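Read through the structure below, which is laid out as structure tokens, and then see the notes.
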Amino acid sequence: MTESETEPDHTAVRVALWRALHVQADPPPHVIEDEVGLRLVDPGDGWRERPDMDVDATRRIRASIVARARFVEDVVVEQAGRGVGQYVILGAGLDTFAQRRPELGAELRVFEVEQPGTQAWKRRRLTELGYALPDWLRFVPVDFEGDWWGQLAAAGFDAERPAVVAATGVTMYLTLDAITSMFRLVAGLAPGSTLVTTFLRPVDDVEPEQRAQLEVAVRGARAAGTPFLSFFTPEQVLELGRECGFREVRHVSAADLAGRYFAGWGEGTGPSRGEEVMVAST
């Protein structure tokens with residue numbers, strides 16, 4: 001690892017491994033097929049023995065992770081079919097859309113927005129694994145406390161053209177002011193743009209059987225120096241979206257995602273409502 005690189009945080013690594021675990025441990029048809037992140041992380045042969053990879057204990061959170069990823073990509077497919085040509089991934093981390101969906105990516109201009117050290121690490125690993133870095137894929141290293149919007153524009157993003165902007169697993173790490181600023185910037189994009197963002201519900205607003213796991217995640221995030229700062233009920237996040245200027249906002253619940261992607265899996269196997277989705281349109 002070079003001096004300018006920073007290994008991805010534990011959360012990004014867990015997400016990548018959970019996506020791979022879904023392919024390896026859950027029955028087909030899989031919600032999303034993604035073992036690229038596993039290759040990037042290269043955790044060694046014993047990774048499935050990790051406590052946070054327990055197949056049964058992580059079933060609901062794993063379902064949430066793959067459901068949100070698939071939902072975002074379904075929105076991108078839908079909007080690309082309508083002529084939208086830009087896709088922005090905020091807090092891209094170890095996202096693998098460009099590696100798994102190159103035929104769709106080639107129809108777009110894809111912007112991965114992430115902190116410089118993490119992004120440098122990821123680019124090196126992609127090169128080592130033989131993945132191409134095509135012209136339509138733009139890496140945008142940013143300080144999210146600085147002018148990341150200006151950096152996005154400098155990378156070729158055109159605010160006058162419609163875009164899909166995804167922010168999954170991001171809002172819980174931001175202050176309300178930072179979230180409000182992000183929402184307002186996206187709400188000011190060209191008509192026909194879409195924001196897909198996840199939000200974390202308050203602990204006491206989650207299924208009783210999932211609260212202990214969320215509390216562990218909250219403590220772990222704080223101990224790692226990346227505390228969860230923002231929680232919303234669905235009503236609160238929708239109201240914030242309206243206040244920030246979106247023309248239309250809608251809540252996509254865990255039950256919605258379960259019906260869409262986990263029909264036939266049985267009770268208690270779909271996503272937890274701990275983290276749900278808002279879709280907002282300009």
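For residues that are open to solvent by less than 40 Å² (accessible area, probe 1.4 Å) and either in contact with a strand residue (DSSP E or B) (Cβ under 6 Å, 6 or more places away or on another chain) or not in a helix (DSSP H, G or I) (or both), scanning just the range 34-52, find the one that is modelled with the highest pLDDT.
Looking at residues that are open to solvent by less than 40 Å² (accessible area, probe 1.4 Å) and either in contact with a strand residue (DSSP E or B) (Cβ under 6 Å, 6 or more places away or on another chain) or not in a helix (DSSP H, G or I) (or both), I get Asp34.
Only one of these conditions is not met by Ser230: (1) open to solvent by 50 Å² or more (accessible area, probe 1.4 Å); (2) at pLDDT 70 or above; (3) of a type outside the set (A, V, I, L, M); (4) assigned to a loop (DSSP other than H, G, I, E, B). Which number is it?
Result: Ser230 fails condition (1) only.
State whether one or more residues within the range 262-271 are within 30 Å of Glu107 (Cβ to Cβ) and open to solvent by less than 30 Å² (accessible area, probe 1.4 Å).
The answer is yes, given that some residue of the range 262-271 is within 30 Å of Glu107 (Cβ to Cβ) and open to solvent by less than 30 Å² (accessible area, probe 1.4 Å).
Restricting the range 154-168 to residues that are without any contact (Cβ under 8 Å) to a residue 40 or more places away in the chain and within 23 Å of Arg247 (Cα to Cα), which is surrounded by the fewest Cβ atoms within 10 Å (Cβ to Cβ)? Full working, then the answer.
So the first thing to find is which residues in the range 154-168 are without any contact (Cβ under 8 Å) to a residue 40 or more places away in the chain, and the list is 154, 159-160.
Now drop any that are not within 23 Å of Arg247 (Cα to Cα), which leaves 159-160.
Values: Ala159: 16, Glu160: 6.
Across the range 154-168, the extreme among qualifying residues is Glu160.
Can you say whether Thr194 is hydroxyl-bearing (Ser, Thr, Tyr) and open to solvent by less than 30 Å² (accessible area, probe 1.4 Å), as far as the supplied structure shows? Let's see the steps before the verdict.
On the way: hydroxyl-bearing (Ser, Thr, Tyr): yes; open to solvent by less than 30 Å² (accessible area, probe 1.4 Å): yes.
Yes.
Hey, does the range 172-183 have a residue that's under 23 Å from Arg247 (Cβ atoms), part of a loop (DSSP other than H, G, I, E, B) and among the aromatic types (Phe, Trp, Tyr)?
The answer is no; no qualifying residue exists.
Being in contact with a strand residue (DSSP E or B) (Cβ under 7 Å, 6 or more places away or on another chain) and open to solvent by 70 Å² or more (accessible area, probe 1.4 Å) is true for just one of Glu248, Glu235. Which residue is that? Even if it seems obvious, please write down each step before you answer.
On the way: Glu235 fails: in contact with a strand residue (DSSP E or B) (Cβ under 7 Å, 6 or more places away or on another chain).
Glu248 is the lone residue from the list that is in contact with a strand residue (DSSP E or B) (Cβ under 7 Å, 6 or more places away or on another chain) and open to solvent by 70 Å² or more (accessible area, probe 1.4 Å).
From the list Val55, Val66, Val15, Val31, which one is at pLDDT 90 or above, part of a loop (DSSP other than H, G, I, E, B) and crowded, with 21+ Cβ neighbours inside 10 Å?
Val31
Would you point out which residue out of Arg109, Arg123 is without any contact (Cβ under 8 Å) to a residue 24 or more places away in the chain, in contact with a Phe, Trp or Tyr (Cβ under 9 Å, 6 or more places away or on another chain), of a type in the set (D, E, K, R) and surrounded by fewer than 23 Cβ atoms within 10 Å (Cβ to Cβ)?
Result: Arg123 is the single residue among Arg109, Arg123 that is without any contact (Cβ under 8 Å) to a residue 24 or more places away in the chain, in contact with a Phe, Trp or Tyr (Cβ under 9 Å, 6 or more places away or on another chain), of a type in the set (D, E, K, R) and surrounded by fewer than 23 Cβ atoms within 10 Å (Cβ to Cβ).
The values are calculated or read from the model by the stated rules, or taken from the named source; none is laboratory data. Because the structure is predicted, anything quoted here is derived from the model rather than measured. Using ideal geometry, Cβ is built from the backbone for each residue, glycine included, and neighbour counts are taken over all protein chains shown. Please note that ligands, DNA and RNA were not included when accessible areas were found on the heavy atoms of the full protein model with its side chains. Shrake-Rupley method; radii C 1.70, N 1.55, O 1.52, S 1.80 Å.
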